[in-house]
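Q: Dropping the structure in here first, questions after.
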Amino acid sequence: MDCGFQCLSDKVKEDMQAAKDASLFLKKRAAIEEEYGKQMAKLAQSMSESFDKSHPRSGTYGDAWISMLKVHETIGEQRIKFSNSILEVAEDLQLLHKDTERGRKQVKDTGTRFEKALVDADANLEKLKLKYDSQNEDWERTVMQKNNDPLHVPKKGIFKNSKTPAQLSRLEEEARYKVTLADKNYRQQLQSTNASRQEYYQAHLPKILTDLKAIDDECCVALRYQLARYSYIYEEALAADGIALDNDDGLGLRSLTEKIDKDADFTLFINSYHGRNGKTSKSDSPYKDYNLVTVQTPVTNANPNPVFGVPLNTLLVRDQQEVPWILRKCAETVETYGLNVVGIYRLSGTNSQIQKLKGAFDRDCNAVNLNSEEYLSDINNITSVLKLWFRELPEPLFPSASYQQFLDAAQIEDDIKRVLGLHAVINDLPDAHYATLKYLMSHLDKIQQHQRYNKMGASNLATIFGMTLMGNEVAGAYSPTQQGSQRFNETQLQVKVVQTILENYALIFEADQ
């Protein structure tokens with residue numbers, strides 16, 4: 001292309017502007033997130049302090065409300081961290097813009113210099129050509145005068161031609177010499193200009209275009225990488241918010257709300273009430289004393305073989321099944337009807353239906369038919385029951401005795417060594433735990449194989465099942481002020497354990513067969 005240099009230069013400029021626009025957007029986004037995080041944390045702290053002062057007898061509601069405010073404070077802190085992370089991306093994009101602009105300017109200056117040299121050579125060639133043509137015309141005119149050509153001989157009179165033949169011959173020789181010299185200069189300049197053109201089009205211009213293309217490629221690749229990095233940071237921030245809002249250790253908003261007991265709070269308030277004249281003792285009251293009694297409906301379970309809250313080893317000995325029936329039934333149903341359901345295992349079912357299905361499993365696990373229309377109307381009820389069963393295990397699927405070993409293995413930086421470390425710990429698990437873990441990971445592996453449809457890859461599934469399968473053994477050893485950050489770090493390691501196992505399922509389990 002004749003305009004290749006300008007075309008690529010404009011392309012680099014356009015991509016460079018795209019990086020600048022992305023940087024500007026992320027800077028403004030970072031400012032919004034930082035302000036949001038600060039205001040959220042400040043609001044949660046002030047409301048918590050105000051509540052403590054005005055509600056000394058808060059009961060279960062107060063405990064839940066303070067914990068909910070702490071969740072919002074955690075979200076605020078996470079948003080500030082998110083702001084700092086995307087600000088780093090914005091700064092890297094700004095640096096990319098500057099580096100690309102610097103490289104483009106250097107190549108453009110080089111190209112402009114070579115282009116100008118070629119234009120100058122063409123201009124000099126045209127100038128010498130005009131000079132040659134002029135000298136050639138003068139020579140022809142002199143020859144005509146010497147030969148008495150009537151068109152080139154001056155008229156008689158005051159300006160008549162008074163030159164002698166010898167003078168005319170001398171003039172003719174001078175004109176011929178000038179023409180010869182002009183022709184020689186023109187030919188030399190033509191040779192030099194052709195050489196410059198050949199060098200420009202065969203050497204300089206290809207290198208300039210190659211350099212511009214390389215600069216543009218680097219800008220585009222770096223821009224795409226930074227946007228992918230921003231996407232990952234954004235997804236990580238949303239996942240952290242999701243864990244803060246609803247997690248398996250009972251500290252999510254929904255779980256905290258379910259802990260509010262109005263009857264217990266009412267009893268606490270009455271028992272601690274002093275009245276206007278101070279607390280009245282029983283002996284001071286002329287009336288019969290009635291105690292507030294919370295009436296509870298007795299729970300009957302005709303089946304002596306429940307499945308919820310029963311250790312895996314007990315289930316293995318009692319049912320003579322390596323894999324518990326509830327896991328096998330739920331997994332088979334999900335694999336039949338739920339592999340392509342968007343958000344499978346991430347979305348929750350209806351609490352009333354979950355409790356109903358839980359009761360059915362506890363009454364008679366073998367009699368539960370998950371293929372009935374009642375249960376298949378919402379596959380999320382089945383997945384929620386399965387997660388609930390894992391959460392209510394007295395000993396988590398990853399036993400407490402091996403808990404720290406799993407976390408230590410997850411912290412190994414080298415991927416191969418980390419897999420080998422987890423493999424060694426898994427091999428030492430009790431038979432019931434090993435068989436259940438292997439079956440569950442095989443099931444989740446089938447889920448992630450359909451992530452094109454259900455949007456649930458290994459990372460998403462690990463985020464959901466991390467704390468569900470591993471519990472929370474370490475955070476209790478820390479003070480309340482340390483538990484927030486410690487729990488977050490611990491949760492990240494739990495997710496990494498499950499994700500590594502799931503991503504290397506064949507290597508960890510099938511190698512043992």
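The values are calculated or read from the model by the stated rules, or taken from the named source; none is laboratory data. These numbers were taken from a predicted model, which means no experiment stands behind them. Backbone-built Cβ (ideal geometry, glycine too); neighbour counts: all protein chains shown. Keep in mind that these areas ignore ligands, DNA and RNA; they rest on the heavy atoms of the full protein, side chains included. Shrake-Rupley method; radii C 1.70, N 1.55, O 1.52, S 1.80 Å.
Q: Name the pairs: first residue in the range 184-195 and farther than 15 Å from Leu118 by Cβ, second residue surrounded by 13 or more Cβ atoms within 10 Å (Cβ to Cβ) and hydroxyl-bearing (Ser, Thr, Tyr), Cβ to Cβ under 7 Å, at least 6 apart or on different chains?
A: Taking only residues 6 or more apart or on different chains, the pairs are Tyr186/Tyr132.
Q: Determine if the range 134-141 includes at least one residue that is open to solvent by 50 Å² or more (accessible area, probe 1.4 Å), under 30 Å from Arg104 (Cβ atoms), polar (S, T, N, Q) and at pLDDT 85 or above. Reasoning before the result, please.
A: Filtering the range 134-141 down to residues open to solvent by 50 Å² or more (accessible area, probe 1.4 Å) leaves 134, 137-141.
Okay, now just the ones that are also under 30 Å from Arg104 (Cβ atoms), so none.
Checking the range 134-141: not a single residue is open to solvent by 50 Å² or more (accessible area, probe 1.4 Å), under 30 Å from Arg104 (Cβ atoms), polar (S, T, N, Q) and at pLDDT 85 or above.
Q: To continue, here is another question. Assuming Gln494 fulfils every condition listed in (1) assigned by the TED database to the domain that holds Val317; (2) modelled with pLDDT under 90 apart from one, which condition is it?
A: (2)
Q: Moving to a separate point now. Given Thr463, Thr436, Thr468, which one is at pLDDT 95 or above and buried (at least 20 other Cβ atoms within 10 Å of the Cβ)?
A: Numbers: Thr463 fails: at pLDDT 95 or above; Thr468 fails: at pLDDT 95 or above.
Only one candidate qualifies: Thr436.
Q: Looking at the range 321-340, can you tell me whether even one residue there is in contact with an Asp or Glu (Cβ under 9 Å, 6 or more places away or on another chain), free of Cβ contacts under 8 Å to residues at least 40 places away in the same chain and in a helix (DSSP H, G or I)?
A: Going through the range 321-340, the residues in contact with an Asp or Glu (Cβ under 9 Å, 6 or more places away or on another chain) turn out to be 322, 325.
Those still in the list that are free of Cβ contacts under 8 Å to residues at least 40 places away in the same chain too: none.
Taking every residue of the range 321-340 in turn, none turns out to be in contact with an Asp or Glu (Cβ under 9 Å, 6 or more places away or on another chain), free of Cβ contacts under 8 Å to residues at least 40 places away in the same chain and in a helix (DSSP H, G or I).
Q: Looking for something within 25 Å of Leu312 (Cα to Cα), β-branched (Val, Ile, Thr), modelled with pLDDT under 95 and in contact with a helix residue (DSSP H, G or I) (Cβ under 6 Å, 6 or more places away or on another chain) - is there at least one such residue anywhere in the range 393-414? Let's see the steps before the verdict.
A: Taking the range 393-414 first, the residues within 25 Å of Leu312 (Cα to Cα) are 393-410.
Still in the running and β-branched (Val, Ile, Thr): none.
Within the range 393-414, none of the residues are within 25 Å of Leu312 (Cα to Cα), β-branched (Val, Ile, Thr), modelled with pLDDT under 95 and in contact with a helix residue (DSSP H, G or I) (Cβ under 6 Å, 6 or more places away or on another chain).
Q: Within the range 239-259, how many residues are in a helix (DSSP H, G or I) and either out of contact with any Leu (no Cβ under 9 Å at 6 or more places or on another chain) or surrounded by 14 or more Cβ atoms within 10 Å (Cβ to Cβ) (or both)? First the steps, then the outcome.
A: Here is the first cut: in the range 239-259, the ones in a helix (DSSP H, G or I) are 239-245, 253-258.
Applying the additional criterion that residues be either out of contact with any Leu (no Cβ under 9 Å at 6 or more places or on another chain) or surrounded by 14 or more Cβ atoms within 10 Å (Cβ to Cβ) (or both) yields 239-245, 253, 255-258.
Of the residues in the range 239-259, 12 are in a helix (DSSP H, G or I) and either out of contact with any Leu (no Cβ under 9 Å at 6 or more places or on another chain) or surrounded by 14 or more Cβ atoms within 10 Å (Cβ to Cβ) (or both).
Q: Considering every residue within the range 355-362, establish whether at least one is more than 29 Å from Tyr434 (Cβ to Cβ), out of contact with any Phe, Trp or Tyr (no Cβ under 8 Å at 6 or more places or on another chain), open to solvent by 80 Å² or more (accessible area, probe 1.4 Å) and in a helix (DSSP H, G or I).
A: Let us first name the residues in the range 355-362 that are more than 29 Å from Tyr434 (Cβ to Cβ), namely 355-356, 359.
This time we only want the ones that are out of contact with any Phe, Trp or Tyr (no Cβ under 8 Å at 6 or more places or on another chain), so: 355-356, 359.
Still in the list and also open to solvent by 80 Å² or more (accessible area, probe 1.4 Å): 355-356.
Filter once more, keeping what is in a helix (DSSP H, G or I): 355-356.
Yes - at least one qualifying residue is present in the range 355-362.
Q: Kindly check whether there is at least one residue in the range 114-130 that is among the aliphatic types (A, V, I, L, M), within 35 Å of the chain's Cα centre (by Cα), at pLDDT 90 or above and in a helix (DSSP H, G or I).
A: First, pick out the residues of the range 114-130 that are among the aliphatic types (A, V, I, L, M): 117-119, 121, 123, 125, 128, 130.
Narrowing the set further to residues that are within 35 Å of the chain's Cα centre (by Cα) leaves none.
Within the range 114-130 (the criterion being among the aliphatic types (A, V, I, L, M), within 35 Å of the chain's Cα centre (by Cα), at pLDDT 90 or above and in a helix (DSSP H, G or I)), the answer is no, since none of the residues qualifies.
Q: Does any residue of the range 433-448 turn out to be among the hydroxyl-bearing types (Ser, Thr, Tyr) and over 33 Å from the mean Cα position of the chain (by Cα)?
A: Step one: list which residues in the range 433-448 are among the hydroxyl-bearing types (Ser, Thr, Tyr), which gives 434, 436, 439, 442.
Cutting the leftovers down to over 33 Å from the mean Cα position of the chain (by Cα) gives us 434.
Yes, the conditions are met somewhere in the range 433-448.
Q: Got a sec? Which of Asp63, Asp92, Asp21, Asp10 is acidic (Asp, Glu), more than 20 Å from the chain's Cα centre (by Cα) and closer than 27 Å to Leu223 by Cα?
A: Values: Asp63 fails: closer than 27 Å to Leu223 by Cα; Asp92 fails: more than 20 Å from the chain's Cα centre (by Cα); Asp21 fails: more than 20 Å from the chain's Cα centre (by Cα).
Step by step, each of Asp63, Asp92, Asp21, Asp10 is checked, and only Asp10 is acidic (Asp, Glu), more than 20 Å from the chain's Cα centre (by Cα) and closer than 27 Å to Leu223 by Cα.
Q: Also, quick follow-up: Confirm whether Glu236 is at pLDDT 80 or above, within 30 Å of Thr74 (Cβ to Cβ), outside the structural domain of Leu69 (by the TED database) and open to solvent by 40 Å² or more (accessible area, probe 1.4 Å). Write out each step before concluding.
A: Values: at pLDDT 80 or above: yes; within 30 Å of Thr74 (Cβ to Cβ): yes; outside the structural domain of Leu69 (by the TED database): no; open to solvent by 40 Å² or more (accessible area, probe 1.4 Å): yes.
It is false that Glu236 is at pLDDT 80 or above, within 30 Å of Thr74 (Cβ to Cβ), outside the structural domain of Leu69 (by the TED database) and open to solvent by 40 Å² or more (accessible area, probe 1.4 Å).
Q: Looking only at the range 16-41, which residues are surrounded by 14 or more Cβ atoms within 10 Å (Cβ to Cβ) and of a type in the set (S, T, N, Q)?
A: Ser23
Q: Condition test on Leu422, is it open to solvent by less than 50 Å² (accessible area, probe 1.4 Å), farther than 15 Å from Leu312 by Cβ, among the hydrophobic types (A, V, I, L, M, F, W, C) and assigned to a loop (DSSP other than H, G, I, E, B)? It would help to see each step written out before you state the result.
A: Details: open to solvent by less than 50 Å² (accessible area, probe 1.4 Å): yes; farther than 15 Å from Leu312 by Cβ: yes; among the hydrophobic types (A, V, I, L, M, F, W, C): yes; assigned to a loop (DSSP other than H, G, I, E, B): no.
The answer is no for Leu422.
Q: Which one is most open to solvent (accessible area, probe 1.4 Å), of the residues in the range 1-15 that are touching a residue at least 12 places away in the same chain (Cβ under 8 Å) and among the charged types (D, E, K, R)?
A: Initial filter on the range 1-15 (touching a residue at least 12 places away in the same chain (Cβ under 8 Å)): 4-5, 8-9, 11-13, 15.
Remaining after also requiring among the charged types (D, E, K, R): 11, 13, 15.
Numbers: Lys11: 76, Lys13: 113, Asp15: 20 Å².
Selected residue: Lys13.
Q: Further question on the same structure: Only one of these is in a helix (DSSP H, G or I), open to solvent by 20 Å² or more (accessible area, probe 1.4 Å) and over 23 Å from Arg229 (Cα atoms): Glu91, Glu101, Glu77, Glu73. Name it. Talk me through it step by step, then tell me what you get.
A: Working: Glu91 fails: over 23 Å from Arg229 (Cα atoms); Glu101 fails: over 23 Å from Arg229 (Cα atoms); Glu77 fails: over 23 Å from Arg229 (Cα atoms).
Going through Glu91, Glu101, Glu77, Glu73 in turn, the sole match is Glu73.
Q: Mind listing whichever residues of the range 1-38 are assigned to a helix (DSSP H, G or I) and farther than 24 Å from Glu91 by Cβ?
A: In the first step, residues of the range 1-38 are kept if they are assigned to a helix (DSSP H, G or I); the result is 4-38.
Across the range 1-38, the qualifying residues are Gly4, Phe5, Gln6, Cys7, Leu8, Ser9, Asp10, Lys11.
Listed here are the residues, each with its yes/no results for (1) assigned by the TED database to the domain that holds Ile208; (2) under 30 Å from Val12 (Cβ atoms); (3) touching a helix residue (DSSP H, G or I) at 6+ places or on another chain (Cβ under 7 Å).
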position: Ala31; (1), (2), (3): yes, yes, no
position: Gln39; (1), (2), (3): yes, no, no
position: Lys42; (1), (2), (3): yes, no, no
position: Ser46; (1), (2), (3): yes, no, no
position: His55; (1), (2), (3): yes, no, yes
position: Met68; (1), (2), (3): yes, no, yes
position: Val71; (1), (2), (3): yes, no, yes
position: Ile75; (1), (2), (3): yes, no, yes
position: Glu101; (1), (2), (3): yes, yes, yes
